[in-house]
Amino acid sequence: MGEKKKKIVKTIKVDVDKCNGCRACEVACSAFHAAPKYSSNNPARSRIRVIREPLRDIYVPVYAGEYTAAECMGRDKYKIDGKEYDECGFCRASCPSRDLFKEPDSGLPLKCDMCESDPQLEEPLCVQWCLNDALIYEEREEEVEEEEKLGDVETGLESLVNKFGLDKIIQTVARMSISKKD
Ligand code: SF4
Ligand code: SF4
């Protein structure tokens, strides 16, 4: 068991009723994560996506969560205030059953990283750009077990290991490090 440490837990509360599907949050997130930063925007690279069904007045902003190697065996349907939502509508996973939350060029999973906790940002960019206040940033303090995580690097490596196997990844890294020394 790891040591208990106090940690600031960052959350974004989503008020689905206030979202009008403008997608400003997707634009802001993808621009922040462009390389170089803010050099382009492409919602396909965003770590928040808005599930939109304008004819049924359904707009659900969803944050990219954990990568999963296998899709669910069972699915849930939600009916809220008379509206039926898609089975995967509220799911945050980067999963094989859909194209959502995959980096379009590499296919690697995307995950919300709270804008890398950039100290220059008062609030995450998607929250700042949501002029309808559908996204509300909150912080709270919690006691958690200390665990070192490397965020995107760990998520990307995990998906590569699942796809190609650990041995192949180790061999490739060894080969790359030899060629870098040459
Ligand atoms: S908090 Fe930052 S990284 Fe997460 S979805 Fe919003 S803009 Fe993207
Ligand atoms: S910026 Fe706000 S209102 Fe616009 S799509 Fe995103 S969550 Fe919805």
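Structure notes:
- Filtered residues of the stretch 54-100 (kept if in contact (Cβ under 8 Å) with a residue 24 or more places away in the chain, in contact with an Asp or Glu (Cβ under 7 Å, 6 or more places away or on another chain) and more than 25 Å from S30 (Cβ to Cβ)): none
- Within the stretch 105-119, the residues that satisfy the criterion of being within 15 Å of S159 (Cα to Cα), in contact with a helix residue (DSSP H, G or I) (Cβ under 8 Å, 6 or more places away or on another chain) and assigned to a loop (DSSP other than H, G, I, E, B) are L108, L110, K111.
- The number of residues in the stretch 6-52 being closer than 29 Å to E84 by Cβ and not in a strand (DSSP E or B) comes to 18.
- Single unsatisfied condition, L55 versus (1) in a loop (DSSP other than H, G, I, E, B); (2) loosely packed, with under 11 Cβ neighbours inside 10 Å: (1)
- Scanning the stretch 120-137 for residues that are near ligand 1 (Cβ under 9 Å from one of its atoms) and either more than 11 Å from I12 (Cα to Cα) or part of a helix (DSSP H, G or I) (or both) gives L121, L125, C126, V127, Q128, W129.
- Among the residues of the stretch 20-45, those identified as more than 10 Å from ligand 2 (Cβ to nearest atom) and either more than 15 Å from the chain's Cα centre (by Cα) or hydroxyl-bearing (S, T, Y) (or both) are S30, A35, P36, K37, Y38, S39, S40, N41.
Just so you know, all these numbers are worked out from the coordinates, no wet-lab data involved. Just so we're clear, the structure is a prediction, and the values are computed from it rather than from any experiment. Virtual Cβ from ideal backbone geometry, glycine too; neighbours counted across all protein chains shown.
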